Amino acid sequence: MWLASLVLVAAAGATPPPMSNHTEISNPWFRALPARLPAGGYLELHNTGRWLSTLTGADSPHCGMLMLHKSEQKSGMDTMSDMASLDIPAGETVKFAPGGYHLMCTDPGPTMKPGNTVPVRLHFSDGSARIVAFSVKNARGQ
Ligand SMILES: [Cu+2]
């Protein structure tokens, strides 16, 4: 019995826990725009573990598509590109914010209205996932 527990503890030390378990999410929100324009999704991801966490995508029943995007300025132009994945190193925090990393919700459903809350499932590279409730705010982030 004692030996069996010891083996279990050793195994737990060697195998990283699911990424979704050591990635804390704070301040998740969508910026809803009029006329069903795409809504930007913002949040902070904090990796509380000793292992890398890699976000690979997101989906929501309230969005046609939900993509990982990065906005940046290139030679004075605003550009936006797809990201296949985003690493959150052990112990670090990655912020999604207007003008930078964002989730892009195309063809948002009628529930994407300020005051509502919509669920989003975040996917990690080890196959784990986490469902997060996003607050919907208006264009001014209120
Ligand atoms: Cu975008």
**Study point:** Some residue of region 41-53 being in contact with a Leu (Cβ under 7 Å, 6 or more places away or on another chain) and either in a strand (DSSP E or B) or among the polar types (S, T, N, Q) (or both)
**Key:** yes
Log entry, pairs with first residue in region 114-142 being under 18 Å from M83 (Cβ atoms), second being in a loop (DSSP other than H, G, I, E, B) and among the small types (G, A, S), beta carbons closer than 6 Å, six or more apart or on different chains, reads V120/S60
* Do the conditions hold for G57, that is, is it in a loop (DSSP other than H, G, I, E, B), of a type in the set (G, A, S) and within 30 Å of T15 (Cβ to Cβ)? -> no
Note on region 12-44: residues in contact with a Phe, Trp or Tyr (Cβ under 8 Å, 6 or more places away or on another chain), of a type in the set (A, V, I, L, M, F, W, C) and either surrounded by fewer than 21 Cβ atoms within 10 Å (Cβ to Cβ) or over 23 Å from A84 (Cβ atoms) (or both) are W29
Of the residues in region 98-116, those that are within 20 Å of S20 (Cβ to Cβ) and either surrounded by fewer than 19 Cβ atoms within 10 Å (Cβ to Cβ) or among the aromatic types (F, W, Y) (or both) come to Y101
Residues in region 61-106 that are assigned to a loop (DSSP other than H, G, I, E, B) and either within 13 Å of the ligand (Cβ to nearest atom) or small (G, A, S) (or both) total 14
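A short reminder: the numbers here are calculations on the coordinates, not readings from a lab. Because the structure is predicted, anything quoted here is derived from the model rather than measured. Using ideal geometry, Cβ is built from the backbone for each residue, glycine included, and neighbour counts are taken over all protein chains shown.
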